[in-house]
Amino acid sequence: MVVFRAVVKAFLRQPVCNLLKSALSSMPCEAKPRFVVLYGSQKGQAESIAEGIADEAEEHGLVAELSCLNQNEKYNLEKEKDPVVFIVSTTGDGEPPDNALQFVKSIKKKTPDHYKHLCYTLLALGDTNYANFCNCGKTIERSLQEHGAKQFYATGYADDGVGLEVVLDPWIEGLWKAINGALSKMASDRTDYSNAGAGDSIKQTPDSSIPDVQLNLLRITDQKDCGSNGASVSKCATAASASAVSDLRPAVFPSQPLGTASVSAAVPHVTLAASLTHSLLPLSESSLNVPALPPPYLDVTLKEADTVQQIVGPSNKETLHEVPISRALQLTRGDSVKTSLLLELDLSAHPNLTYQPGDSFDVFCPNKDSEVEEMLHRLGLYEQRNHSVHISLLKDTKKKGAQVPAHVPPNISLLYLLTWCLEIRSVPKKAFVRALVEHTEGGVQKRRLQELCSKQGSADYNLHVRDQSLCLMELLSAFPSCSPPLSLLTEHLPRLQPRPYSAARTANIRCLTFREMERKENPDAMFGETWLFFGCRHRDRDYLFREELEGFVSSGALSHLKVCFSRDDPEEEEEEGEEEEGFTSAAPPRYVQHNLLRNRKHVTDILLKQKGFLYVCGDAKNMAKDMNDALLEAIRAELQVDQLDAMKTVALLREEKRYLQDIWG
């Protein structure tokens, strides 16, 4: 830190704008200012963001030490004197990621002043479609503050429900100034403390002879006047950027998709709609803030071999159970919008596999054969599909914490890699799109990919990529001149994730839960009064084993069954039973929340007086939200309280784990 301060003071007499960056970048790593980046990630998103911050640090003359929260041997918060940046996601019902669980547990047990020396900031990732938004980040922040840690930069709460970039991009942009400010203050505090220890009095005011220097490095679009030399550098950089952009931008974007007939020059100008493959003004004429290229770190080669291990199924078989499907039934007719299947799993061979209604099973589904084959053809590797894959780290990689992906086992074939290891249907993140730019030919296509990964093109990225759940194969089909190497896919595609299904979910998978309930001699003795509000879509099309559910009523497993059909014609739908007391609407119940409101007196009585439980299973954006609103309305009306008190009651139910949601995006 002493070397750093001396260099800055020496440069105060020179034009800072054009010299500071080169001076900092030429420093040896041990002389550069340092900060720590710690992440907790379930599916790789927080990890990817943390890695991006660590990589970008070098551009700002900083050194970032990157670690996962479970890598206790690589960091030590007990003695950390430099700024710490936490990047954490939330999983499940507000739970920490697996690799952050022990850390969260440990920091809760510290003494009040345990972290009074710590200077931190935090970026929390979550999704407002789910309960307990960013709960892991909030838990860590609360624990740090309770134990004396000081925050040097405001916490960012990035919402995947509307697009992480909305919060993520400006948060990272402001992070560098905040880190430099924190480093400067911490260094000043240490110097003052040292001087005081030597007998000098602690300075109450900063030394006015040394002006503050903010290490905000120039960006290509920076137009600030930094003196004669600095202005020259800025203008040249901007001009060079504009020239490069103009070389990539066509005079007129074609109105047809790529590969169709070109537009004649005689055709008058028409207003076009923006699409995945082309943009409109002002974006099409804008100078772009394109993020730094993620450093490559893997060397992936294919070798012909006769001894490639022929593995079937996921590699972590020691933690899995292979069970037969005892029954498969299509629950919808062929003309239905979506296909729903009932699968019954035979768990009899695994008597020690215990579960309760509401628990979930992780089901590993390989990538579809047809999609894997299409990807192999697109990469030009179909003939090498049975070759063995060899993965190693690039010797000269600049990526912090680079390592061979743990989810790729050794001695596997390329076919296995794309079938069981990589999530080829995942939505390419901006960093991936940025990397694809380097492997794309043609001005139009390359420029458009630059736009999609740029700050200015965030809205287009959200609209055409993220919101459409566009996968890599679809992106490559839209940009035929893009030819990424296999190493790039291995670096950027996340691990193939299991699909969790609830043991109580009936729409997609059932694991004998209802049959076990049916065998109870006296189910009311264990479950008390049980109500089931059930939605099907069509009375005559989607026969989701309603007869079987009615059988649970007759056997006593269910006290009440309320079924509604959302897509039936209201004029043809018959009323099922009389309206409940206090609910005067004559409209038939079309959705589950309508039936809940019809029976709000019974629902609130079970929940609030009998200490009952409410389980909600459905989609996050519609059904779960509407059910939550209906529950608030039921409590407000029955208890005669205002909206705030109703919300407090619902929050208490969540806290007591008596209002549980099994929902999906």
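Computed from the coordinates by the stated procedures, all read-outs in this text should not be read as laboratory data. These figures come from a predicted structure and were not determined experimentally. All Cβ positions, glycine included, derive from the backbone under ideal geometry; neighbour counts span all protein chains shown.
Here are the numbers for the structure shown:
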{"item": "Centre separation in Å (Cα based) which lies between the stretch 30-107 and the stretch 606-660", "result": "36 Å"}
{"item": "For THR530, residues with placed amide H under 5 Å, excluding near neighbours", "result": "SER559, HIS560"}
{"item": "Residues whose placed amide H lies under 5 Å from that of LEU614, excluding near-sequence neighbours", "result": "TYR659, LEU660"}
{"item": "Theoretical gain in end-to-end length, ALA349 to LEU320 [0.36 nm per residue, Cα-Cα removed]", "result": "9.1 nm"}
{"item": "Protection proxy ranking, peptides 89-100, 68-79, average beta carbon neighbours within 10 Å, highest first", "result": "89-100, 68-79"}
{"item": "Under the Karplus curve 6.51 cos²θ - 1.76 cosθ + 1.60, θ = phi - 60°, whole-Hz ³J(HN,Hα) for the stretch 432-438, x wherever Gly or Pro sits", "result": "5, 4, 4, 5, 5, 4, 5"}
{"item": "J(HN,Hα) series, the stretch 594-608, from Karplus relation 6.51 cos²θ - 1.76 cosθ + 1.60, nearest Hz, glycine and proline x", "result": "5, 5, 4, 5, 4, 10, 5, 4, 5, 4, 5, 5, 5, 5, 9"}
{"item": "For TYR120, residues with placed amide H under 5 Å, excluding near neighbours", "result": "VAL84, LYS150, GLN151, PHE152"}
{"item": "Cβ crowding within 10 Å averaged over residues, with 342-351, 52-61 ranked highest first", "result": "52-61, 342-351"}
{"item": "Length released on extending from LYS185 to GLN643, taking residue separation times 0.36 nm less the Cα-Cα span", "result": "160.4 nm"}
{"item": "Length added when fully stretched, SER284-GLU59, from 0.36 nm per residue minus Cα-Cα", "result": "78.3 nm"}
{"item": "Whole-Å semi-axes of the ellipsoid equivalent to the stretch 344-392 (Cα gyration tensor, √5λ, descending)", "result": "38, 14, 11"}
{"item": "Under Karplus coefficients 6.51, -1.76 and 1.60, residue-wise ³J(HN,Hα) of the stretch 124-140 in Hz, glycine/proline x", "result": "9, 9, x, 8, 5, 6, 10, 5, 6, 4, 6, 5, 5, x, 5, 5, 4"}
{"item": "Label point distance in nm, LYS81-LEU393, each placed 7 Å from Cα along Cα→Cβ", "result": "2.8 nm"}
